[in-house]
Amino acid sequence: MMNQTPILIVGGFASEPKLYRPLRAYLAEVSGRQVFIAPITLVDWAWVTITDSYAGLLRKLDRTVNELLAQTGSSRLTLVAHSAGGVLARIFLGDQPYNGQAYYGYQRIDMLVMLGTPQRAEREGRIGGLNQIRWADQRYPGAYWSEVSYVSVIGRSIFGDPDGPPPERGAHQSYRLISGEGAQWGDGVVPLDYGLLPGSLQIVIPGLRHDPRPDRLWYGSSPATVAVWWHAAAAYAATKADVISYNQTEKKMTLAIR
């Protein structure tokens, strides 16, 4: 029987829900499931830059998840999170207080698919969400919750070069901010190795860029693009014997599409 667990898209930093409407349509077509978008707005993200805290985002995500569970009658949701939305989702899954409150999202989420999410950072800092990345990774390293199937997807499209054209210079700066090294491959914002969560199903897709723009391929460009990572993720989640959680020693599953 086909899995009908509803899907909730969690957008990235400084995004608006409308940015993910094409992805919602493609994902609904490919998955055959109901797909929703978390109502997290540019104003919500602006508060993050002021407070250096995801507290407001977590409250809104928690409320949205509970409303969708009641609306659909499902016991769990699947999260598809883009960029910083994946960091937010990892914190939401946890049982440790963040700004005084824990959300225990692992009890309501069956799978977390992260698209271009920075999974770790080499230093702390307010810029680039570094503090939140490190908070999540230090407390919930790897595919932490065995109740949740983790999938990390990263594009391999831009090699950082400080002397190259603007996309390569920008990539070099972003990669260096996250990892300390700019001269490497990634999706133009997140360096490749830092977009792969240990213990998760790891999917590397050549040519995909980080942001949804009409002039470039990104994680949600078309039904065909979405199908590449979604079908792999759904198959992985359905094969429970292959699920890997933190501190387990089973062979890591990696899907690299060349």
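Read the figures in this text as sums done on the coordinates, not as results from a lab. The structure presented is a predicted model; accordingly, all values stated were derived computationally and were not measured. We place every Cβ from the backbone using ideal geometry, glycine too, and count neighbours over all the protein chains shown.
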Next item on the list: Search the structure for amide H atoms under 5 Å from the amide H of Tyr144, placed 1.01 Å from N in the peptide plane, and list their residues when 5 or more places away or on another chain.
Entry: Tyr246
Notebook entry, point to check: Expressed in nm to one decimal, what extension gain is obtained for the pair Ala55 and Ala238 from 0.36 nm per residue of sequence separation less their Cα-Cα distance?
Noted result: 62.6 nm
Next item on the list: Quick one: which residues, 5+ away or cross-chain, put their amide H under 5 Å from the amide H of Leu93? H built at 1.01 Å from N.
Entry: Gly105
Check: So what does the Cα-only Debye profile of the chain read at q = 0.09 Å⁻¹, as log10 I(q)/I(0), no solvent term?
Finding: -0.35
Next item on the list: Please report His231, His82 as a ranked list, fewest other C-beta atoms within 10 angstrom at the top and most at the bottom.
Entry: His231, His82
Margin query: For a quick check: with amide H placed at 1.01 Å from N, whose amide H comes under 5 Å from Ile9's, ignoring anything fewer than 5 positions away on the same chain?
Written below: Phe36, Ile37, Ala38, Val80
Check: Tell me, in nm to one decimal, what length is gained between Gln4 and Asn99 on full extension, where the rule is 0.36 nm per residue of separation less the Cα-Cα distance?
Finding: 30.8 nm
Next item on the list: Go through Gly199, Pro212, Gly182 and say which Cα lies farthest out towards the positive end of the charge dipole of the stretch 179-222; charges sit on Cβ, +1 for Lys and Arg, -1 for Asp and Glu.
Entry: Pro212
Note to self: With an 8 Å Cα cut-off and a minimum separation of 6 or more residues, compute the relative contact order for the chain in percent.
What the structure shows: 17
Check: Looking at the stretch 25-135, what % of the alpha carbon pairs are farther apart than 18 Å?
Finding: 51
